[in-house]
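First comes the structure, then the notes that go with it.
The values are calculated or read from the model by the stated rules, or taken from the named source; none is laboratory data. Quick caveat, the model's predicted, so the values are computed rather than measured. Heads up, the Cβs are rebuilt from the backbone with ideal geometry, glycines too, and the neighbour counts pull from every protein chain shown. Each accessible area value is taken on the protein alone, full model and side chains, heavy atoms only, with ligands, DNA and RNA left out. Shrake-Rupley method; radii C 1.70, N 1.55, O 1.52, S 1.80 Å.
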Amino acid sequence: MVGFSTGTATLIGPVRWITTEMRDLHVNQNNEDLVVKSIIGVLILVSALISLWLTRFIVNRSQTTSTFIVLSACATAAILSLWLWLHPQYASQGIETSIMMENKSFTFGPYPTEERMIQLKEEGYTDVISLLNSTVVPFEGKLFDDVKNIAENVGLRIIHIPMVPWVSENEDAIIKMKEIAKHGRGKYYIHCYLGKDRINVVKRVLEQYNAVVSSIDVQASRTPEWERII
């Protein structure tokens with residue numbers, strides 16, 4: 001429970017800020033991966049130490065009230081983290097980025113809601129490429145199933161190219177994206193979870209693959225849910 005909640009806080013906090021800054025400075029992907037892996041290593045160590053301390057705290061206390069408070073706090077933090085991961089519309093999602101190529105275009109963005117999928121269909125998009133990976137448990141498998149069902153109902157083809165950010169070379173995914181860059185036709189919407197990390201890897205591959213690719217930033221067509229609440 002500690003690992004899941006502290007991991008969530010680290011990914012949406014320090015990791016997000018640091019990777020955004022590195023991309024603004026045009027740091028290459030290998031160096032970004034190395035920095036994030038180092039942060040993950042520190043996170044594992046810190047989470048283990050916190051868990052050990054809490055376990056000893058519970059064992060050394062005879063009062064059931066203290067045990068209940070500690071376990072309830074850990075469970076609440078873990079449940080809230082899981083709820084957040086299952087509802088990507090409540091996270092900051094930034095802008096969408098488009099790359100134009102001959103006979104095709106790619107738009108990179110966050111996990112699309114049903115409203116956004118309907119808009120994509122109306123805007124002439126033909127395919128949705130999902131980079132979600134079902135091995136990222138317990139939420140990405142469910143999120144992919146949801147987006148697949150919505151795409152089929154809306155009339156968009158779904159293409160699944162699973163990736164894992166930072167800790168994998170994603171060789172198979174990169175090969176598949178190159179094949180689409182070679183032979184694909186139409187308008188593609190590519191998404192991961194927040195539209196920040198995995199799509200950045202794909203974007204760099206496509207930009208290097210074709211020197212005439214041009215990138216333009218377009219404002220996301222919807223306001224994130226958390227901004228509406230504020």
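Of the residues that make up the range 161-176, is at least one surrounded by 15 or more Cβ atoms within 10 Å (Cβ to Cβ) and in contact with an Asp or Glu (Cβ under 7 Å, 6 or more places away or on another chain)?
yes
Would you say Gly109 is over 19 Å from Val205 (Cα atoms) and touching a residue at least 12 places away in the same chain (Cβ under 8 Å)?
no
Scan Leu80, Leu54 and give me the residue that is more than 25 Å from Val136 (Cα to Cα) and either of a type outside the set (Asp, Glu) or touching a His at 6+ places or on another chain (Cβ under 6 Å) (or both).
Testing whether each residue is more than 25 Å from Val136 (Cα to Cα) and either of a type outside the set (Asp, Glu) or touching a His at 6+ places or on another chain (Cβ under 6 Å) (or both) leaves just Leu54.
For the range 12-47, name all the residues that are under 21 Å from Val202 (Cα atoms), open to solvent by less than 60 Å² (accessible area, probe 1.4 Å), in a helix (DSSP H, G or I) and of a type in the set (A, V, I, L, M, F, W, C).
Residues satisfying the conditions are Val15, Met22, Val35, Val36.
For the range 48-93, how many residues meet the condition of being touching a Phe, Trp or Tyr at 6+ places or on another chain (Cβ under 6 Å) and either exposed (fewer than 13 other Cβ atoms within 10 Å of the Cβ) or part of a loop (DSSP other than H, G, I, E, B) (or both)? Outline the logic, then answer.
Of the range 48-93, the ones touching a Phe, Trp or Tyr at 6+ places or on another chain (Cβ under 6 Å) are 78, 81, 85-86, 88, 90.
Retained after the next criterion (residues that are either exposed (fewer than 13 other Cβ atoms within 10 Å of the Cβ) or part of a loop (DSSP other than H, G, I, E, B) (or both)): 86.
Within the range 48-93, residues that are touching a Phe, Trp or Tyr at 6+ places or on another chain (Cβ under 6 Å) and either exposed (fewer than 13 other Cβ atoms within 10 Å of the Cβ) or part of a loop (DSSP other than H, G, I, E, B) (or both) number 1.
Report whether or not Ser81 is among the small types (Gly, Ala, Ser), touching a residue at least 40 places away in the same chain (Cβ under 8 Å) and under 24 Å from Leu132 (Cα atoms).
yes
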